[in-house]
1. Would you mind checking the tilt of helix 465-483 against the longest principal axis of the Cα atoms of the chain, expressed as 0 to 90 degrees and rounded to 10?
2. Accessible area of region 350-414 with a 1.4 Å probe: how many percent of it is carbon plus sulfur?
3. Is it possible to state the helix-based mean residue ellipticity at 222 nm for the chain, with each DSSP H run of 4+ residues giving -39500 (n - 2.57), the sum divided by total residues, to the nearest 500 deg cm²/dmol? What is it?
4. Any idea what angle helix 122-135 forms with the longest principal axis of the chain, computed on alpha-carbon atoms, 0 to 90 degrees, nearest 10?
5. Could you pull out the pairs from K460/K596; K155/K299; K196/K238 whose alpha carbons sit more than 20 Å apart here?
6. Roll a 1.4 angstrom probe over the protein heavy atoms and tell me the percent of accessible area of region 163-204 that is carbon or sulfur.
7. Over region 450-594, what lengths in whole Å, largest first, do the semi-axes of the equivalent ellipsoid take, defined as the square roots of 5 times the eigenvalues of the alpha-carbon gyration tensor?
8. Taking the alpha-carbon distance from K338 and a cut-off under 29 Å, which lysines remain once sequence neighbours fewer than 8 residues away in the same chain are dropped?
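The values are calculated or read from the model by the stated rules, or taken from the named source; none is laboratory data. Small disclaimer: the values here were computed from a predicted structure and weren't measured. These area figures cover heavy atoms from the full protein model, side chains too; ligands, DNA and RNA do not enter into them. Shrake-Rupley method; radii C 1.70, N 1.55, O 1.52, S 1.80 Å.
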Amino acid sequence: MLRLLHNASQPALKSTQRRFLTSRFYDRPTLDFLLFDNPAIITPPTDATTQQVLDSASSFVDRYHHLDPLFDKFEPQFDPAFMNDRSSPTVSPVKMHEQVKEVLDAYSEGGFTAMHEMDLPFPSLTAVSAITGSAFTSGVLGHWVLTQCAANLLKAFGSPDLVAKYHEPLTDGRWTGTMALSETQAGSSLVDISTKATPTDTPGTYRIKGNKMWTSGADHDMTENIIHMLLAKTPDNKISLFLVPKSIVNDDGSLGERNDYTINGVNHKMGCRGISNCYWSLGDNSDGATGYLIGEEGKGLQAMFLMMNEMRIHVGLSAALCGKRGHLESLNYALERKQGRSPTTKEKETIVNYADVKRMLLTQKVHSEGALALCLLASSLADSSKTSEEDKHVLDFLIPIVKSWPSEFCLEANKWAIQVLGGYGYTSDFPLSQIYRDNRLNMIHEGTHGIQSLDLLGRKIAGPGFPLLIERMAGCVERAAKTGDDEIVPMASHVKSAVERLVEVTKKLGGVGKSGDVQLMLANSHDYLNMAGTTVIGWLWLEMAIAAKAKSSDPSESFLHGKVNACQYFMIHELSKTKHQARLLESLDDTVIKTKVEEL
Ligand SMILES: Cc1cc2nc3c(=O)[nH]c(=O)nc-3n(C[C@H](O)[C@H](O)[C@H](O)COP(=O)(O)OP(=O)(O)OC[C@H]3O[C@@H](n4cnc5c(N)ncnc54)[C@H](O)[C@@H]3O)c2cc1C
C-alpha cells in the first residue's frame, strides 16, 4: 500500500489559468480520460487502488519537483581517488548530487518502488510514471525504472536461488539495477560484444572479463548494492545473460566482498543528468568478475528482449511526457504573456490568442497526447498479451513505433514549446531547454530511430501483428462511421484513407523485399516508420474523439470538446502528411543508395 498520501500544495498558477490548467507538471484530467474513458484502446483499470496511486504520484511531484533542475545543473561527478576504494559497499568514484538520494528515498519510502508487486494493471503503472516522470525529466527516476525492469527480468528467467537472494532488495528500494549491454564497439549491433564469460566449477557461476560502455546508473554512492543485468559471450561464442552484483551477496543475504570491476569514468551528457552513465571494465585484477547465469546459456539476447521491450515502452513514455510537459509549460506562459495589440480592441494582447501561437500549442497537444495514448495502449497490450496471442502479435508490431514515434514527434513538440516562449525559451531561466535536452536522448537509446525503423520494415511487417492491427483500425473506422456524428464521420474517412494507404505501401515495400532487393526496400525505412506511426496515432485520436463525444452531453464543454478539436487538427494537419509519405515510399526512390560516400 502506498505510504505517500500527504497533500502537498500545488505550485502556484495564476487564477485566470486554474480553470483548465491544473498543473505545469502533469495533465491529470487527460490521463484520467485516457485511462478510464477509452475502453476501445485501454482496458480501464477496475481496481480501487489506481486512483489512489495517481493521487500519491501527484503529491510526490508537488513536493519534490523543484529539485529536478538541480540534477540538470550539477551532473554526476567522477572522482578517480575512489576508483579502487572498496572500503564500504556504498563507496564509489561516482558522486551524485546529494538530493538525488532524497528523491529516490522518498520515492521508495512512498511505496512507489513496490507498486509492481501490487498486481496493478500495467496502464495504471504507466500513468503513475507519466505523472512522476514529467516533473523529473532529468531521468533521476530512471534508477527505479531500470531497477524494476531488472527485477522483472530476474523473476522471469532467474533460478529460484538467485530470485530468493536478489529480487526483494531490488523491489523494496534497497538496491538499484542496470542493463549492461552496450560496449564501445557494440551499440546497435550487440552481436559484436566482446565481453567473455568462462564457467567455473560451481554450476551457474562464471568469471567475466571485458568492458561495458554507456551503462546508465552503473555506479553511484546511494545504495549498498547495484545489480547489473549484463550480456557476455560464453566459450561457444553465444550471447548469455548474467547477473553481476557490485558486492557479492552471502547465503544469509549479507554483503560480502566487492566484485572485481572498475568504474573508469562517466560520460558527460547533454541531458538526463539525474542518472550517471559510466564506462567500466570487468576482471582487471583477477581471472574475472563473478557473474551468475540467468536463463539458458546462449539465450541471453532472447531473455534480454523482455527487459528491452519493457524499456522501449518506458522510452516512448518519457518522450511523450517531455512533450506533454513542454505543452503545459508553454501554455502556462502563453496564457500570461502580453505582446502586441489586438486588431479588434487595440488593447495589449495575450499571445495565446494569436493563431500561430495556438498552432504551436495544438501541435504539441496532438503529438504528446497521441503519444501518451500509444504508450498506454502498449501497456494495456502488455497485460493482455499474457492471455491473448493476438494482442501479443499486435504489441510486437507496435514496439518500434512506441519507442520511436514519440521520440521524434514529442521532440518536435518541445521545439514548438521553446518557440512559444520566444527568447525566454532559449534561456535556462525556463525549464524548456532542459526538457528539450533530456528528451533528445530518447531517439538514441534502446535502439536508435534508424534501427527501430529497420526492425519495423525489415522484420515486423511480415509477422501476424500487422494485419491484426489493420483490422483493429478498420474496426474503429466502422464504429466511427456508424455514429452518424457530423464531426466524427469526416474524421473517420481521413483515418480510413490513411489505413488503406498504409496497407498499399506495406504491400509494395514488402514485395520489393520478397523479390530480393532488401536494400531498396529499407532505403526509406525512416519515412515508413513515421507514416505507420502517424497512421496509428490518427487511429488513436479518432478513438479519443469518439470517447469524448460519448462522454460529453454538453458540446461546449472545453475539456472534451478540446479532444474532438485536437483530433480534427491531427487529421487535417498531420495525418494528411501520410499522403505525401505514401507517394514517396511507393516511388521506391533510391537516391540515398546511389549517393556515393564521397558525395556526402
Ligand atoms: C545517455 C545514454 C544512456 C544509455 N544507457 C544505456 C544502458 O543503460 N545500457 C546499455 O547497454 N546501453 C545504453 N546506452 C547505449 C545505447 O543503447 C546506444 O548508444 C545505442 O544503441 C546506439 O549505439 P551506438 O551509440 O554505439 O551507436 P552506433 O551503433 O554506432 O550507431 C551510430 C549511428 O549509425 C546508425 N546505424 C548503426 N548501425 C546501423 C545499421 N545496421 N543500419 C543503419 N544505420 C545504422 C545508428 O542508427 C546511428 O544513427 C545509452 C546511451 C546513451 C547515449
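1. 30
2. In region 350-414, the share of accessible area belonging to carbon and sulfur is 54 percent.
3. -17000 deg cm²/dmol
4. Orientation of helix 122-135: about 90 degrees from the principal axis.
5. Details: K460/K596 29 Å; K155/K299 16 Å; K196/K238 10 Å.
Checking Cα-Cα distances, K460/K596 exceed 20 Å.
6. Numbers: 1010 of 1940 Å².
Here it works out to 52 percent.
7. Details: eigenvalues 218, 41, 27 Å².
Rounded to whole Å, the semi-axes are 33, 14, 12.
8. K14, K324, K346, K348, K358, K365, K415, K563
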